[in-house]
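Below: the structure, in structure tokens.
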Amino acid sequence: MFATGFGMLAPAMTEERKGDKITTRAEDYPQWYQDVVREADLAEPAKVVKGCMVIKPYGYAIWEKIQRELDTRFKATGHQNAYFPLLVPQSFITREAQHVEGFAPELAVVTHAGGEKLEEPYVIRPTSETIIGHFFSKWVSSWRDLPLLVNQWANVMRWELRTRLFLRTTEFLWQEGHTAHATHDEALAEVRRMLDIYGAFAESVMAMPVIRGIKTASERFAGAVETFCIEAFMQDGKALQAGTSHDLGQNFGKAFDVKFQSESGALEYVWQTSWGVSTRLVGGLVMTHSDDAGLVLPPRLAPIHAVIIPIYKNPDERTRVLEACERLAKALGDIDLAQDGARQRDWLTVQIDDRDLRPGAKFYHWERRGVPIRIELGPKDLEKGQVCLKMRVDTPAATGKQFVPEAELVATARARLLAYQDALLLAAAERMNTRTVQLDNWDEFLATFAGENSTFAWCHWDGSAATEAAIKAETKATIRCVPLPGQGPAPAPGRCIKSGAPSPQRVLIAKAY
RNA sequence: CGGGGCGUAGCGCAGUCUGGUAGCGCGUUCGGUUCGGGACCGAAAGGUCGGAGGUUCAAAUCCUCUCGCCCCGACCA
């Protein structure tokens with residue numbers, strides 16, 4: 001499948017404004033992020049609705065690719081999609097003590113409908129554990145009904161005080177998996193399995209390396225027994241919680257009376273899990289790979305893999321060049337990027353930019369949108385039977401403009417895209433690794449997190465909430481997670497960086513989005 | 001909710017102090033010349049100056065009230 005007329009993906013020239021420069025990262029990182037999102041045409045603040053955003057077609061196309069990849073993985077592990085109501089009876093939220101406490105401050109509540117005041121207000125779901133708990137209790141009665149594995153793609157609302165496009169908005173899109181199991185061990189295995197899926201997805205599809213770990217009590221999901229997470233390293237040294245997987249224990253089972261009769265005949269509460277990732281991932285994608293020239297996308301998530309720019313001086317040349325462009329697009333469109341063993345094909349999407357603009361303007365246009373490959377085709381190339389190929393970001397394997405014989409284009413393009421995907425992951429991992437430090441001295445810690453500074457720091461912590469709060473109060477840095485085996489430095493005892501008390505292992509500390 | 005700032009053309013702004021024909025840049029439309037890293041020339045369209053009230057011969061400008069937004073401090077995928 002090839003495409004040359006993707007109206008939705010080809011933003012009109014109205015967005016092309018000379019002077020709309022992208023602030024450099026060194027100059028002002030938050031401004032750079034906003035500029036990149038705007039210039040890549042990913043989203044814009046809704047303005048008329050406080051704290052909300054409009055995800056524009058190009059940005060939504062990236063989210064759809066994320067959805068497709070994850071949904072395939074969820075289905076492959078036995079989950080089924082379902083959909084639960086947006087509105088949740090207020091009394092449901094208050095059923096689980098920790099849950100209410102955590103979410104009460106950010107709830108939007110519907111008090112009137114049909115011109116009348118409601119007997120019981122509804123809250124707009126901030127997450128769906130409660131209403132799903134209610135239905136699980138109706139659906140589960142026997143051990144034969146377990147495990148129950150469902151997922152929902154939905155929007156949720158949390159009344160945020162301060163918002164940033166994709167990273168934190170009042171309404172956002174996500175996926176929330178909810179499962180019920182007969183034993184705690186089985187539930188825990190599910191929690192870990194989904195965390196593994198998130199981690200593998202982040203690294204192999206988003207090319208975004210992550211640290212897998214467990215949240216401290218203060219950062220734990222309201223109502224969970226344990227929260228597992230993946231934390232990603234942003235270019236400014238801050239951490240982004242990119243996905244979470246919760247062991248809910250029997251907390252919601254008890255609150256919503258989700259019971260089953262076991263094989264031995266005993267009546268028991270189910271063990272539940274929930275796990276989710278959101279459109280925040282798009283923000284993480286931006287802050288992982290993009291540069292001062294704009295968005296950079298890994299091929300596996302790029303809505304457009306290659307753009308072909310025709311070069312011509314007169315109508316006759318235009319006709320001949322465009323004809324050749326169509327030929328190239330058709331050939332490239334037959335490339336399947338899917339890895340061995342993938343369940344579905346992943347055809348290359350190609351676009352010919354035949355707008356009446358000068359080539360240079362088109363180069364900048366697509367560069368800002370992060371299209372991985374640019375192909376220039378002009379009269380000189382036609383004569384020589386070659387095409388000019390350039391990757392959005394230089395990699396050791398491919399630097400600057402390269403000329404390849406037309407006959408080799410398809411093979412070259414495929415190889416370059418696959419190498420590019422790997423190169424982005426490698427570059428991101430190197431950035432994270434070289435900027436990750438081990439700190440053992442409080443003064444050093446203060447210097448590391450002075451002002452807006454942040455990086456990934458492995459430090460000893462005495463395990464107390466008081467120390468954790470003190471670190472946060474003094475530096476704004478927080479404990480992102482206690483690493484899982486294989487993540488971070490090998491566990492070894494030491495002394496807490498703040499209190500000096502004994503500590504069994506180092507934890508990951510950074511400022512966070 | 002406390003402190004600071006701002007509402008004038010699609011976007012960014014000037015004009016407000018000192019009332020007197022509503023302007024500039026970018027973008028948009030049309031025509032032409034251009035086209036291997038952000039083109040140029042010519043013409044044109046586009047604004048009840050956030051809203052309401054008041055002062056005045058006359059208000060974007062002065063006064064009163066009001067609405068909305070942004071930034072900074074207490075929460076979070």
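In table form, for the structure just shown:
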{"quantity": "Within the stretch A:16-66, considering residues that are of a type in the set (G, A, S) and closer than 29 Å to A:A108 by Cβ, the one farthest from RNA strand B (Cβ to nearest atom)", "calculated": "A:A61"}
{"quantity": "Unmet criterion (only one of (1) outside any helix (DSSP H, G or I); (2) touching a residue at least 40 places away in the same chain (Cβ under 8 Å)) for A:E27", "calculated": "(2)"}
{"quantity": "Answer from A:V404, A:V393, A:V387 - the residue that is within 22 Å of the chain's Cα centre (by Cα), in the same structural domain as A:I308 (by TED's automatic domain parsing) and on the phi < 0 side of the Ramachandran plot", "calculated": "A:V393"}
{"quantity": "Answer from A:K384, A:K401, A:K362, A:K380 - the residue that is among the charged types (D, E, K, R), over 30 Å from A:L70 (Cα atoms) and in contact with a Lys or Arg (Cβ under 6 Å, 6 or more places away or on another chain)", "calculated": "A:K401"}
{"quantity": "Cβ pairs under 8 Å, 6+ apart, first in the stretch A:299-324 and farther than 17 Å from A:G385 by Cβ, second part of a helix (DSSP H, G or I) and of a type in the set (G, A, S)", "calculated": "A:R300/A:S204; A:P303/A:A61; A:A306/A:A413"}
{"quantity": "Matching residues, the stretch A:182-206, being touching a Pro at 6+ places or on another chain (Cβ under 8 Å), over 28 Å from A:F260 (Cα atoms) and open to solvent by 10 Å² or more (accessible area, probe 1.4 Å)", "calculated": "A:E203"}
{"quantity": "Residue in the stretch A:312-334 that is farthest from RNA strand B (Cβ to nearest atom), counting only those that are touching a Leu at 6+ places or on another chain (Cβ under 7 Å) and open to solvent by 30 Å² or more (accessible area, probe 1.4 Å)", "calculated": "A:A331"}
{"quantity": "Unique residue being β-branched (V, I, T) and under 18 Å from A:E203 (Cα atoms) when the list is A:T467, A:T434", "calculated": "A:T434"}
{"quantity": "Some residue of the stretch A:470-491 being within 16 Å of RNA strand B (Cβ to nearest atom), hydrophobic (A, V, I, L, M, F, W, C) and open to solvent by 50 Å² or more (accessible area, probe 1.4 Å)", "calculated": "yes"}
{"quantity": "Residues satisfying the stated conditions in the stretch A:335-386, i.e. assigned to a loop (DSSP other than H, G, I, E, B) and within 16 Å of RNA strand B (Cβ to nearest atom)", "calculated": "A:D353, A:D354, A:R355, A:D356, A:L357, A:R358, A:R369, A:G370, A:V371, A:P372, A:G378, A:G385"}
{"quantity": "Residue within the stretch A:86-103 that is open to solvent by 70 Å² or more (accessible area, probe 1.4 Å), in the same structural domain as A:G223 (by TED's automatic domain parsing) and either of a type in the set (A, V, I, L, M, F, W, C) or closer than 28 Å to A:R193 by Cβ (or both) present", "calculated": "no"}
{"quantity": "Considering residues of the stretch A:159-177 that are assigned to a strand (DSSP E or B) and in contact with a Leu (Cβ under 8 Å, 6 or more places away or on another chain) only, the residue nearest to RNA strand B (Cβ to nearest atom)", "calculated": "A:Q175"}
{"quantity": "Residue match in the stretch A:229-236 (condition: within 14 Å of RNA strand B (Cβ to nearest atom), of a type in the set (G, A, S) and either surrounded by 22 or more Cβ atoms within 10 Å (Cβ to Cβ) or closer than 27 Å to A:G488 by Cβ (or both))", "calculated": "yes"}
{"quantity": "Any hit, the stretch A:237-244, residues being among the aliphatic types (A, V, I, L, M) and open to solvent by 10 Å² or more (accessible area, probe 1.4 Å)", "calculated": "no"}
{"quantity": "Residue count for the stretch A:396-413, restricted to those that are away from RNA strand B (no atom under 14 Å from the Cβ), crowded, with 16+ Cβ neighbours inside 10 Å and either touching a residue at least 24 places away in the same chain (Cβ under 8 Å) or among the charged types (D, E, K, R) (or both)", "calculated": "2"}
{"quantity": "Tally of residues being open to solvent by less than 10 Å² (accessible area, probe 1.4 Å) and assigned to a strand (DSSP E or B) across the stretch A:285-311", "calculated": "6"}
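Condition check ((1) basic (K, R); (2) under 27 Å from A:G284 (Cβ atoms); (3) at pLDDT below 95) across all residues:
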| site | (1), (2), (3) |
| --- | --- |
| A:Y420 | no, yes, no |
| A:T475 | no, yes, yes |
| A:P485 | no, yes, no |
| A:P504 | no, no, no |
| A:L508 | no, yes, no |
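The values are calculated or read from the model by the stated rules, or taken from the named source; none is laboratory data. As the structure is a computational prediction, the values presented were derived from the model and not from experiment. Cβ: placed from backbone, ideal geometry, glycine included. Neighbour counts: every protein chain shown. With ligands, DNA and RNA removed, areas are computed over all heavy atoms of the protein, side chains included. Shrake-Rupley method; radii C 1.70, N 1.55, O 1.52, S 1.80 Å.
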